[in-house]
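Notes follow once the structure below has been shown.
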Amino acid sequence: MYTAESAERYVRAVSSEIESWSLVDPPQAVDTIYFGGGTPSLLSPAQLETILRALHDRFTVLQNSEVTIEINPGSVTPEKLRSFRGLGVNRASFGAQTFDDGELARLGRSHSANDTRQTFRYLRDAGFANVSFDLIAGLPGQTMRGWLSNLDEAFALHPEHLSFYLLEVHQGTPLANHIRSGLQPKPDDDLAAAMYEVMLERAVACGYQHYEISNLCLPGFQSRHNSKYWTAAPYYGFGCSAHSYDGEFRRWANERELIKYMEMIEQSAPAVASETLLTDADRQAEAVFLGLRMMAGFSFEEYQQLFGSDLRAKHADDLVRFREAGLIECSGDWLKLTRAGALLSNEVFVALM
């Protein structure tokens, strides 16, 4: 449960972790900062400033860096957003999910569609010129008419960035239990696929670029931070359950339990709870999986230079099969998913990894 005391203690811990950060070859500069995981907008401007100061003291934060904060609709005031903007936060991301209050209730969300509209207006008034939110297609009971209404609202707001997802029902969740017991209808996969197609058509017509399987942006507004995940660039995470990657072989994650994380930092102990050393096979699989998530695709030649393996020869039959099915395009040295392939990407990934 959130309390002012625990928030202060957590901010001190995160700042201490940043200040004690060291590598053999420490990063000289960073150009993206992302406050995510949970609801970082619950922090006060002073607390956010403390963490930002620690980052600026430890790293060289370049001018024109992308600084993002995740927020929950209806959870922030205009005054707090103006303070965040004044601290250099220049991008905001929040989960709209849907503009239908009935669908939000069935998802168990605490916000309303009006909260989403109001939050977006507050962000604009506070000077945020780079805003992202998400939509979910294939919700139980959702209709194409309702989805089109969602798209009308979303594109009327004209955010710089949109993420969109097909609903995934995870076992053990209240939604999965409701579907199993018949309290909610089972999602219609064919309808969800049609919704995906309609969204892409509308987005392109409105000037958006489909740059990653689940992400759209106006020109120049790709998520620079999230693109690091998809291009295997190094990134460093601080805080409870934060994940990091050195850009080569090592991934690690911090302690997931909040109290234990803070105690570890307070005792000057490393907060790392798990570590993975990637094998060559792991790196090759990630190069395919992550490379194809970007709609621009990747180069066969670069893959071979990195791993000494000819992907075209290794998966010749699969590549022919997927190309004939209209799921991929092979143009010279370049491999990428088609729009249909993005919808069925898991099938392509499994075969090529």
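A few notes on this one:
- If you check ALA154, ALA176 for being open to solvent by less than 30 Å² (accessible area, probe 1.4 Å), modelled with pLDDT under 95, in a helix (DSSP H, G or I) and out of contact with any helix residue (DSSP H, G or I) (no Cβ under 8 Å at 6 or more places or on another chain), only one passes: ALA176.
- Listed by first and then second residue, the pairs linking a residue in region 260-287 that is over 20 Å from TRP230 (Cβ atoms) to a residue that is among the basic types (Lys, Arg) and open to solvent by 60 Å² or more (accessible area, probe 1.4 Å), with Cβ atoms under 7 Å apart and 6 or more places separating them unless they lie on different chains, are MET262/ARG9; ALA273/ARG256; GLU275/ARG250; LEU277/ARG250.
Here's the yes/no breakdown for (1) open to solvent by less than 20 Å² (accessible area, probe 1.4 Å); (2) part of a strand (DSSP E or B):
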residue	(1), (2)
ALA313	no, no
ARG321	no, no
CYS330	no, yes
GLY341	yes, no
ASN346	no, no
ALA351	no, no
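Residues are listed down the side, and each one gets a yes or a no for (1) over 26 Å from LEU162 (Cβ atoms); (2) not in a strand (DSSP E or B):
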| position | (1), (2) |
| --- | --- |
| GLU5 | yes, yes |
| LEU48 | no, yes |
| ALA54 | yes, yes |
| GLN63 | yes, no |
| ILE69 | no, no |
| GLY74 | no, yes |
| ALA92 | no, no |
| ARG106 | no, yes |
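- All conditions but one from (1) within 21 Å of GLU257 (Cα to Cα); (2) surrounded by fewer than 17 Cβ atoms within 10 Å (Cβ to Cβ) apply to GLY102; the one that does not is (1).
- Of all residues in region 290-311, those that are closer than 21 Å to ILE213 by Cα, surrounded by fewer than 17 Cβ atoms within 10 Å (Cβ to Cβ) and of a type in the set (Gly, Ala, Ser) total 2.
- Pick from region 234-245, criterion without any contact (Cβ under 8 Å) to a residue 40 or more places away in the chain and not hydroxyl-bearing (Ser, Thr, Tyr), ranking: least open to solvent (accessible area, probe 1.4 Å): GLY237
- Given (1) over 21 Å from the mean Cα position of the chain (by Cα); (2) not in a helix (DSSP H, G or I), number of the condition SER241 does not satisfy: (1)
- Considering residues of region 108-150 that are part of a strand (DSSP E or B) and touching a Pro at 6+ places or on another chain (Cβ under 7 Å) only, the residue nearest to ALA193 (Cα to Cα): PHE133
- The residue pairs whose first member lies in region 336-349 and is over 15 Å from LEU311 (Cβ atoms), whose second member is assigned to a helix (DSSP H, G or I) and among the aromatic types (Phe, Trp, Tyr), and whose beta carbons are closer than 8 Å, counting only pairs six or more residues apart or on different chains, are GLY341/PHE322; LEU343/TYR196.
- Test: residue in region 22-42 that is of a type in the set (D, E, K, R) and either open to solvent by less than 50 Å² (accessible area, probe 1.4 Å) or in contact (Cβ under 8 Å) with a residue 60 or more places away in the chain (or both): yes
- Where LEU81 falls short, out of the listed (1) crowded, with 21+ Cβ neighbours inside 10 Å; (2) modelled with pLDDT under 95; (3) over 20 Å from the mean Cα position of the chain (by Cα): (2)
The values are calculated or read from the model by the stated rules, or taken from the named source; none is laboratory data. All values derive from a computational prediction rather than experimental measurement. Neighbour counts run over all protein chains shown; Cβ positions are idealised from the backbone, glycine included. The area values use the complete protein model at the heavy-atom level, side chains included, leaving out ligands, DNA and RNA. Shrake-Rupley method; radii C 1.70, N 1.55, O 1.52, S 1.80 Å.
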